[in-house]
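Please read the structure below before turning to the comments.
The values are calculated or read from the model by the stated rules, or taken from the named source; none is laboratory data. Note that the coordinates shown come from a computational prediction; the quantities given were computed from them, not determined experimentally. Every residue, glycine as well, gets a Cβ built from its backbone with ideal geometry; the counts of neighbours run over all protein chains shown. In case anyone asks, the SASA skips ligands and DNA or RNA and just uses the protein heavy atoms, side chains included. Shrake-Rupley method; radii C 1.70, N 1.55, O 1.52, S 1.80 Å.
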Amino acid sequence: MTASWAKAPDFADQPARRAAVQAQTALDKKHYLDDGMTPLQCQGCRSRVLVRKYSTHQTSVQWTEPPETHCPVFARLAEQGAGPGRPEGCAQLEKTIKWAVDEGVLEVPE
């Protein structure tokens, strides 16, 4: 038998446990990636995003389409060669998120 490295066991020999792990993984994915996301439309370029505030200082933004296809700021960044994980942001989108918090559209946990 040749040993191989795996990040986590696959439980191939335990179908019930494998099914339970897969079900929990699906729930975790939904919780961390989907739950609590509020749809917003940028007041500048009308791009649609999903936003969740974890605190006053931490915000999660999921773009519903590639940002460079609708946002002129991200289009400019893409033209300059910036890729995924770029630290730059869009000031207009930040203003939209602040407006949503101020208006109570977007909740910030205490």
Taking protein heavy atoms only, a 1.4 Å probe, and rounding to whole percent, the accessible area of the chain owed to carbon and sulfur comes out at 54
Expressed in nanometres to one decimal, the distance between label points 7 Å along Cα→Cβ at Ala23 and Gln80 is 5.0
Here the net charge surrounding Tyr54, from other residues whose Cβ is less than 13 Å away from its Cβ (Lys, Arg +1; Asp, Glu -1), is -1
Taking Arg52, Arg46, Arg18 and ranking on accessible area (1.4 Å, protein atoms only), highest first, one gets Arg46, Arg18, Arg52
Scoring the chain by relative contact order with C-alpha pairs under 8 Å, at least six apart, yields a percentage of 21
Descending accessible area (1.4 Å probe), largest on the left, turns Ser47, Ser60 into Ser60, Ser47
Per 10 angstrom bin, beginning at 0 and ending with the bin that holds the maximum distance, the Cα pairs of the chain fall in percents of 12, 32, 24, 17, 13, 2, 0
With the 1.4 Å probe rolled over protein heavy atoms, the chain has an accessible area per residue in Å² of 76
Taking 0.36 nm per residue of separation between Ser60 and Lys30 and subtracting their Cα-Cα distance, the length gained on full extension comes to 9.3 nm
Violations at 18 Å Cα threshold for listed pairs Lys29/Lys98; Lys53/Lys98; Lys30/Lys98 -> Lys29/Lys98; Lys30/Lys98
Per the helix-only model, the chain has a calculated mean residue ellipticity at 222 nm (DSSP H runs of ≥4, -39500 (n - 2.57) each, divided over all residues, rounded to the nearest 500) of -10000 deg cm²/dmol
